[in-house]
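The values are calculated or read from the model by the stated rules, or taken from the named source; none is laboratory data. Keep in mind that what you see is a predicted model, and the values were worked out from it rather than measured. Neighbour counts run over all protein chains shown; Cβ positions are idealised from the backbone, glycine included. The area values use the complete protein model at the heavy-atom level, side chains included, leaving out ligands, DNA and RNA. Shrake-Rupley method; radii C 1.70, N 1.55, O 1.52, S 1.80 Å.
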Amino acid sequence: MSDYPWKSVLITGASSGLGRALAEVSSAPGVTLHLSGRDAARLEDTATACRALGASVATRVVSVTDAESMADWIAQAGRLDLVIANAGISGGTGDAVEPAAQAVRVFATNLTGVLNTALPAIEAMAAQAPGPDEVRGRVAVISSLAAFVAAPGAPAYCASKAAVQRWAEALDASERKRGIRLHAICPGFIRTPMTASNPFAMPGLMTPEQAARRTLAGIAAGRVRVAYPRPLYVMARLLGGLPPAWRNAMMRQVPAKPPQS
Ligand SMILES: NC(=O)c1ccc[n+]([C@@H]2O[C@H](COP(=O)([O-])OP(=O)(O)OC[C@H]3O[C@@H](n4cnc5c(N)ncnc54)[C@H](OP(=O)(O)O)[C@@H]3O)[C@@H](O)[C@H]2O)c1
């Protein structure tokens with residue numbers, strides 16, 4: 001039996017890291033998963049693992065940047081209790097400045113890609129009957145603790161995560177009125193391919209499964225913002241509250257992640 005109340009869950013970026021862990025942790029007999037990613041082979045690996053845990057799984061190879069295909073996929077999925085806009089990319093400045101093409105790519109995936117997932121999901125949920133908890137559906141947006149710190153080593157990444165965190169939290173207030181909930185998920189460091197090339201210490205580094213369980217427990221508890229681990233969240237809020245010139249002076253001492261090609 002599932003640890004969570006959702007019978008139908010859609011997850012983007014399920015072919016790796018946190019998305020795969022969210023899919024596996026959600027898996028149980030009676031649960032239907034709609035999973036997407038760009039890499040067909042890795043996506044199928046996730047699907048096979050989830051089926052072995054008892055879930056029914058449908059996969060779609062699609063980029064979150066393709067608004068039309070995303071809307072089509074979400075519209076034909078049927079009832080959706082929980083949609084997790086997880087797909088994301090990162091990239092740093094290395095020893096130089098952030099490449100322009102990287103900044104554009106990061107916003108296209110982490111911001112427009114989240115809108116391409118969440119907006120059609122919200123419209124579909126508005127037409128669904130409420131569940132036993134009076135909620136028609138939930139949309140969780142995977143932001144980051146990076147949302148709270150304008151780190152000079154990853155300008156577009158931090159800004160894209162701040163944008164989706166603010167958007168989801170603000171929208172939750174109005175969407176609640178029609179029975180739809182939004183959740184801004186703000187994890188600290190997770191051991192995934194995304195963090196494999198980080199050239200700095202990662203305090204509180206979690207496994208993808210630990211992060212997935214924290215995420216789903218926070219959503220199940222109905223929290224608008226799910227930020228963890230707590231000590232790193234407090235540190236991010238303190239750093240984020242410093243005058244920007246002080247923060248930049250401090251954070252320039254930390255080696256930046258290299259740009260991603
Ligand atoms: N790792 C961390 O420390 C950390 C911390 C806070 C937040 N996060 C966030 O957690 C989410 C998952 O990251 P992760 O650490 O699990 O990274 P990951 O292992 O690199 O996985 C990223 C996932 O996003 C998918 N993706 C990327 N671009 C896509 C696109 N255009 N269309 C569809 N799918 C796309 C990838 O699919 P393909 O491989 O199939 O292309 C992959 O499944 C991201 O939003 C990330 O910003 C991560």
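Key figures
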quantity	calculated
Candidate lysines - alpha carbon under 17 Å from LYS161, same-chain residues fewer than 8 apart omitted	LYS257
Linear extension gain, GLN253 paired with ARG38, 0.36 nm per residue minus alpha-carbon span	73.8 nm
Gap separating the Cα centres of segment 1-57 and segment 109-176, nearest whole Å	20
Per residue value of the accessible surface for segment 32-93 (all protein chains in place, 1.4 Å probe), Å²	42
Residues GLN76 and LEU205, FRET efficiency given R0 of 30 Å [Cβ-Cβ distance, rounded to 0.05]	0.20
For segment 88-151, alpha-carbon Rg over 2.2 N^0.38 Å	1.55
Relative contact order computed over the chain (Cα-Cα under 8 Å; 6+ residues apart), in percent	20
Translational D in µm²/s for the chain (Stokes-Einstein at 10 °C, 1.306 mPa s, Kirkwood Rh from C-alpha pairs)	86
Listed residues ALA127, ALA159, VAL114: farthest to the positive end of the dipole of segment 94-219 (Cβ charges)	ALA127
Segment 50-206, accessible surface, carbon-and-sulfur percent (1.4 angstrom probe)	61
Charge dipole magnitude, Cβ of K and R +1, D and E -1 - segment 3-107, Cα centre, debye nearest 20	260
Nearest-10 value in Å² for the accessible area of VAL139, using the 1.4 Å probe	0
For segment 68-196, the fraction of alpha-carbon pairs in successive 10 Å shells from zero, as %	13, 40, 30, 14, 3, 0
Theoretical FRET efficiency, 1/(1+(r/R0)^6), r = Cβ-Cβ of ARG176 and ALA108, R0 35 Å, to 0.05	0.75
